Amino acid sequence: MSGVDPDVRERARRVATALLPRIDDIGDATAGYIVERIPELSRLGVRELAKASGRIGSAALIHALSRGEDATEIVPSAETLRIARDMVQHGVDRSALTRGYRVGIAFWCDEWARAVAGFDLESEAQVAVVQYGTSFLLTWLEVILDRIEAAYRDESDRLVQEGTLERAAYVSSALDGGDFDPKVATMRLGYNFAGWHVALVLSRVEDGQPSAPLDSLARALAGSIANARPLVARVDVNTTWCWVPTRKNDRASFEQVSVLVGQGQPGFGLEGFRRSHQQALEALRVGRKAAKRPGTVTQFDEIEIAAMCSENYERCRTFVLEQLGTIGDATPEMAVLRDTLWEFFATGGSFRATASVLGIHHNTVRYRIGRAEQILNCPVGQNRMKLELALYLAHSLELIGRP
């Protein structure tokens, strides 16, 4: 606060010095004012922290003003920062903490004006001292809030990291089949390992588009399956694992974001926990191989055969192309033949049922099947199992590009 009239600073110093004998009373009054107006700070345990903060802050202000210090150079005490960290551990929202400081300064502005009014000062000097004190208080508030919020963030990050590490450790031990006690893990993590599970694996796609934190997306996805508290474990910055306590096999859904998701089938108990997770990993792998668009949820039960067949991806691709021949070409005509063959097999070889599904005349279906047999140089039913598998793999893994 450079450029302040020395006489004004000196008068303010004398006013503050006169407040020293009342330092405890003012601190209690400030704390009471804050707690009364911020309901979040009135909870048991939190109230005591808020009161201590009010007293410490008031004492710091009185001492700083009485010594004529510059508000920009005041450093919060270790006790002040400790209280901010304790607020995090008591679940106090950061906005409630900062509102508490702002409410406290509002009380202090009034208190300062009353203290100045009690001094024998001319009207012009009184206004100047009140303005000086108010400016000092507001400057102190902004300086102290920067430090307080930094301490709050650091403690919040620390607790999140500790919780993440603890969850990751328990989850890893559960998946590895090592020294794992489901009852202890259930108590520590609040998740029943002995019940039903549907696993999800989320993987961020680097497409340059912004997306929400994976933990939040995992909880949103879990909520689309069942209204139950999931177990979420962040593996790294781009990967998060999640288990939903349900036996439902509904597909998880969310708005399109820069994330691919694999979903396992429902599994029971610890073995089901592991199996569903492994299935989710496989579903994600197939989704990646098939170049699924961001925001896609790939369910294991839809790609189970593709997962088994695509362990050797190049061999799988070779099989598809060998079975389909030129029907595997990425041309409009061949795409139509593949779609027709797929529906023809799905309807049990019925020309009319296939025509109904595709919305065309049954004679058109006959023509297309004849064209396919001409290309394959054999009836489509002769090697149906291999042909149908090749069509399935081509569709599931996008082994053939669309024209």
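The values are calculated or read from the model by the stated rules, or taken from the named source; none is laboratory data. Here the structure is a predicted model, which means the values were calculated and not measured. With ideal geometry, Cβ positions are generated from the backbone for all residues, glycine too; neighbour counts draw on all protein chains shown.
Couple of notes before you dig in:
- Some residue of region 364-375 being surrounded by fewer than 17 Cβ atoms within 10 Å (Cβ to Cβ), modelled with pLDDT of 90 or more and among the aromatic types (Phe, Trp, Tyr): yes
- Enumeration of residues in region 293-346 that are in contact with a Ser or Thr (Cβ under 7 Å, 6 or more places away or on another chain), within 15 Å of Leu389 (Cα to Cα) and not β-branched (Val, Ile, Thr): Ala306, Cys316, Glu343, Phe344
- Breaking point among (1) under 32 Å from the mean Cα position of the chain (by Cα); (2) surrounded by fewer than 20 Cβ atoms within 10 Å (Cβ to Cβ), for Leu20: (1)
- Subset of region 1-49 [charged (D, E, K, R), part of a helix (DSSP H, G or I) and touching a Gly at 6+ places or on another chain (Cβ under 9 Å)]: Arg9, Glu10, Arg13, Asp28, Arg37, Glu40
- Within region 229-251, the set of residues being assigned to a loop (DSSP other than H, G, I, E, B) and crowded, with 20+ Cβ neighbours inside 10 Å comprises just one member, Pro230.
- Test for Glu311: is it over 18 Å from Gln374 (Cβ atoms) and touching a residue at least 12 places away in the same chain (Cβ under 8 Å): no
- Candidates Leu324, Leu341, Leu391 - the one that is outside the structural domain of Val286 (by TED's automatic domain parsing), over 23 Å from Gln299 (Cβ atoms) and modelled with pLDDT under 90: Leu324
- Identity of the residue in region 252-282, over 20 Å from the mean Cα position of the chain (by Cα) and in a loop (DSSP other than H, G, I, E, B), that ends up surrounded by the most Cβ atoms within 10 Å (Cβ to Cβ): Gly264
- Matching entry among Ala50, Ala18 (being among the small types (Gly, Ala, Ser), within 24 Å of Ala151 (Cβ to Cβ), touching a residue at least 24 places away in the same chain (Cβ under 8 Å) and in the same structural domain as Val129 (by TED's automatic domain parsing)): Ala50
- Within region 232-277, the residues that satisfy the criterion of being within 17 Å of Ala168 (Cα to Cα) and free of Cβ contacts under 8 Å to residues at least 40 places away in the same chain are Asp236, Val237, Asn238, Thr239, Thr240.
- Among the candidates Ile38, Ile62, residue that is surrounded by 19 or more Cβ atoms within 10 Å (Cβ to Cβ) and over 21 Å from Thr134 (Cα atoms): Ile38
- Helices (runs of 4 or more DSSP H) lying entirely in region 318-384 (those with 3 or more residues that are under 49 Å from the mean Cα position of the chain (by Cα) and within 22 Å of Ser396 (Cα to Cα)): 332-346, 351-358
- Yes/no for Arg293 being at pLDDT 85 or above and either over 22 Å from the mean Cα position of the chain (by Cα) or farther than 25 Å from Leu231 by Cβ (or both): yes
- Being in contact (Cβ under 8 Å) with a residue 12 or more places away in the chain and part of a helix (DSSP H, G or I) is not true of Thr186.
- Residue among Ala185, Ala106 that alone is of a type outside the set (Lys, Arg) and at pLDDT 85 or above: Ala106
- From the list Ala226, Ala220, the lone residue that is farther than 21 Å from Ser203 by Cβ, at pLDDT 85 or above and surrounded by fewer than 19 Cβ atoms within 10 Å (Cβ to Cβ) is Ala226.
- Tally of residues being in a helix (DSSP H, G or I) and over 17 Å from Ser58 (Cβ atoms) across region 83-96: 8
- Residues satisfying the stated conditions in region 257-280, i.e. within 13 Å of Phe300 (Cα to Cα) and either in contact with a Ser or Thr (Cβ under 6 Å, 6 or more places away or on another chain) or polar (S, T, N, Q) (or both): Gly262, Gln263, Gly264, Gln265, Gly267, Ser276, Gln278, Gln279
- Count of residues meeting criterion [under 15 Å from Asp146 (Cβ atoms), surrounded by 16 or more Cβ atoms within 10 Å (Cβ to Cβ) and either among the hydroxyl-bearing types (Ser, Thr, Tyr) or without any contact (Cβ under 8 Å) to a residue 40 or more places away in the chain (or both)] in region 65-97: 1
- In this entry, Ala307 is excluded by the filter for residues that are of a type in the set (Gly, Ala, Ser), loosely packed, with under 14 Cβ neighbours inside 10 Å and at negative phi.
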